[in-house]
Amino acid sequence: MTKLHALMIASCLCAFSPLALAETVNLTNSADGANREAGIAAVKKKLQDACTDRKGSPDAASFEVVFEKTSDNPNVPKPYYVDGRMKCELPG
């Protein structure tokens, strides 16, 4: 077999592997919390759950806070609002 044939077979095998067909998506969500840490933990949990519900694997290292705001109203039970984003590897 020539090097060209071997290269063509190897590239076809790589192209049809499930890893090559995997898709990376960015998930976004928001959550409220009593303080900054609680808000971030809540939005992280929502994003991880959304990814695993789609049978994907969440990339926790890619998590980032997109927006955060604290309510000025002292009567709000969860005054801290957080928007977050995380990458999710979905199977192909």
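Readers should treat all values here as calculations from the given coordinates under stated rules, not as data from a laboratory. What you see is a predicted model, and the numbers here were worked out from it, not measured in a lab. Positions of Cβ are backbone-derived with ideal geometry, glycine not excepted, and every protein chain shown enters the neighbour counts.
Summing charges over neighbours of residue 58, with a neighbour being any other residue whose Cβ is under 12 Å away from its Cβ, gives +3 when K and R count +1 and D and E count -1.
Charge tally for residue 83 (other residues, Cβ to Cβ under 15 Å; Lys, Arg +1; Asp, Glu -1): +4.
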